[in-house]
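Enquirer: Here it is: the structure, laid out below.
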Amino acid sequence: MIAYVAGVLDNLPMPDGCPPMASYVIPPDPNTETDIPSAYVWPSRFEEDRDDTKSGRSMPRNTGPGTFSGVKVITHNVDIYIVWMGANDDPLFPGIVDAAMFALRTCNPMPTVVTDPYNPNVTTQINDVGEVMEGQIYVRALADQAYNRYDSLLTVPVIEEISA
């Protein structure tokens, strides 16, 4: 699921001739200095629910491996840290963030089936990537005050349905 989100952003075209975005499934390095827009995709919070009150589904508890009792829903809050270095008077960074948000809100197909990278025998279905997004942009001056470090934190809920 995290790799899917990172894949949506990797090599994403950027506005105004800026190099395409590079995307990583690792927590961000706080000392990263890059003139290539970079996205670090990392899971933060999640909630797994056997009784999905949003859909009205309810199911009995699973009795063990290999048994099926229905579909459970996991809501993952995926944090996407976007980092870029630019001139202190460059207005491009909000456009970089907007390009990432556009890619997330329009990624298809949705729902989509993904394979667990740690257990290739397990597939799940993810939904609603980019349907809800929350974000914030930060600007910090670098030692060379002609340049700024631009950061954005996007939190994007991703719904994962698992057979349980």
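Coordinate-derived values only; no laboratory data. On a predicted model such as this, the values are computed, not experimentally measured, just so you know. Neighbour counts run over all protein chains shown; Cβ positions are idealised from the backbone, glycine included.
Enquirer: Where does the charge balance sit around residue 46 when Lys and Arg score +1, Asp and Glu -1, over other residues with C-beta under 13 Å from its C-beta?
Expert: -3
Enquirer: Further, regarding this structure: ³J(HN,Hα) across region 2-14 via Karplus (A = 6.51, B = -1.76, C = 1.60, θ = phi - 60°), whole Hz, x for Gly/Pro?
Expert: Taking θ as phi minus 60°, the curve returns 5, 4, 4, 4, 4, x, 4, 8, 5, 6, 5, x, 10 Hz for region 2-14.
Enquirer: Related question: Which cross-chain or sequence-distant (5 or more) residues have an amide H under 5 Å from the amide H of residue 129, H modelled 1.01 Å from N in plane?
Expert: The answer is 159.
Enquirer: Which value in deg cm²/dmol, rounded to the nearest 500, describes the helix-derived mean residue ellipticity at 222 nm for the chain, given -39,500 (n - 2.57) per DSSP H run of n ≥ 4 and division by the residue count?
Expert: -4000 deg cm²/dmol
Enquirer: Just add up the charged neighbours of residue 110: K/R +1, D/E -1, any other residue whose Cβ is under 13 Å from the Cβ of residue 110.
Expert: Taking every Cβ under 13 Å from that of residue 110, the sum is -3.
Enquirer: Whole-Hz ³J(HN,Hα) for each residue in region 96-109, computed from phi via Karplus 6.51 cos²θ - 1.76 cosθ + 1.60 with θ = phi - 60°, x for glycine and proline: what do you get?
Expert: 5, 5, 4, 4, 5, 5, 4, 4, 5, 6, 10, 5, 9, x
Enquirer: What share of all Cα pairs of the chain, in percent, falls into each consecutive 5 Å distance bin?
Expert: 2, 8, 16, 19, 17, 12, 9, 7, 5, 3, 2, 1, 0
Enquirer: Just grab the label-to-label distance for residue 50 and residue 141, each label 7 Å out from Cα along the Cβ direction, in nm (one decimal).
Expert: 5.7
Enquirer: In whole Hz, with x marking every Gly and Pro, tabulate ³J(HN,Hα) for region 141-156 from phi via Karplus 6.51 cos²θ - 1.76 cosθ + 1.60, θ = phi - 60°.
Expert: Couplings: 6, 8, 4, 7, 5, 7, 10, 10, 9, 9, 10, 9, 10, 9, 10, 10 Hz.
Enquirer: Can you give me the relative contact order of the chain as a percent, contacts being Cα pairs under 8 Å and 6 or more apart?
Expert: That works out to 25 percent.
Enquirer: Calculate, in nm to one decimal, what residue 106 and residue 2 gain on full extension: separation in residues at 0.36 nm each, minus their alpha carbon distance.
Expert: 35.8 nm
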